[in-house]
Amino acid sequence: MAPPSFDDSFFARVAGARALGVKAASFALIGVVNTALDYGVFLLARAVYAHTPAMLAAAAHVAAACRCGAPETVLLIAANITSWAVAVTSSYVLNSSFTFAAESGRRLGWRRYGAFAAANLAGLIANTATLVFAAQIVLLPVYIAKAFAILASFAVNFLLSHFVVFRVRPQS
């Protein structure tokens, strides 16, 4: 009896799944670096903003104008956006250089950075919503809420990076 045969498409799917797994692992390792950066900048920005009179006044003004919560919530969001901006820039540089090097040619560009940052806005929204929910509704300590927020944005950011920003483009 002849051994079962597999068509080439099976092996192509296995190779594709393996390549996707390697990319996800690289993305995750770079994510560890960016998570530490995001987390550290967030805690620093939150501490600085909470002790800066101009920032406290601005947060109170924004909270009153939008009727969107207490000034503490506005400061939480401001610190989160600050840390996101730093981390997304680092993530773009590292992922262009390593995870998606074949797709990017290891070249950095403002247009691709803009697309990366725009795609990561969805991650920022998931991150901020999780942070505010966990810290303000569930009443978790902020440092734990931020950890959950980072996990929530990981999946969104990887999927958009893989399928939108760094997708293989047909050769013209």
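The values are calculated or read from the model by the stated rules, or taken from the named source; none is laboratory data. Bear in mind the structure is a predicted one, so any value in this text is a computation, not a measurement. Reconstructed Cβ throughout: ideal geometry from the backbone, glycine too, with neighbour counts over all protein chains shown.
Miscellaneous remarks
- Cβ-Cβ distances below 6 Å connect the following pairs, each with a first residue in segment 132-152 that is under 22 Å from Val88 (Cβ atoms), a second residue that is modelled with pLDDT under 90 and surrounded by 18 or more Cβ atoms within 10 Å (Cβ to Cβ), and a separation of six or more residues or different chains: Ile150/Thr35.
- Selection of segment 65-79 for residues being of a type outside the set (A, V, I, L, M, F, W, C) and touching a residue at least 40 places away in the same chain (Cβ under 8 Å) yields Gly69, Thr73.
- Applying the condition of being buried (at least 19 other Cβ atoms within 10 Å of the Cβ) and of a type in the set (Ser, Thr, Tyr) to segment 142-172 and asking which residue is nearest to Ser104 (Cα to Cα) yields Ser161.
- Qualifying position, being surrounded by fewer than 18 Cβ atoms within 10 Å (Cβ to Cβ), touching a residue at least 24 places away in the same chain (Cβ under 8 Å) and within 20 Å of the chain's Cα centre (by Cα), among Ala87, Ala115, Ala129, Ala119: Ala115
- Within segment 24-41, being crowded, with 19+ Cβ neighbours inside 10 Å and either charged (D, E, K, R) or under 15 Å from Ser153 (Cα atoms) (or both) holds for Phe27, Gly31, Asn34, Thr35, Asp38.
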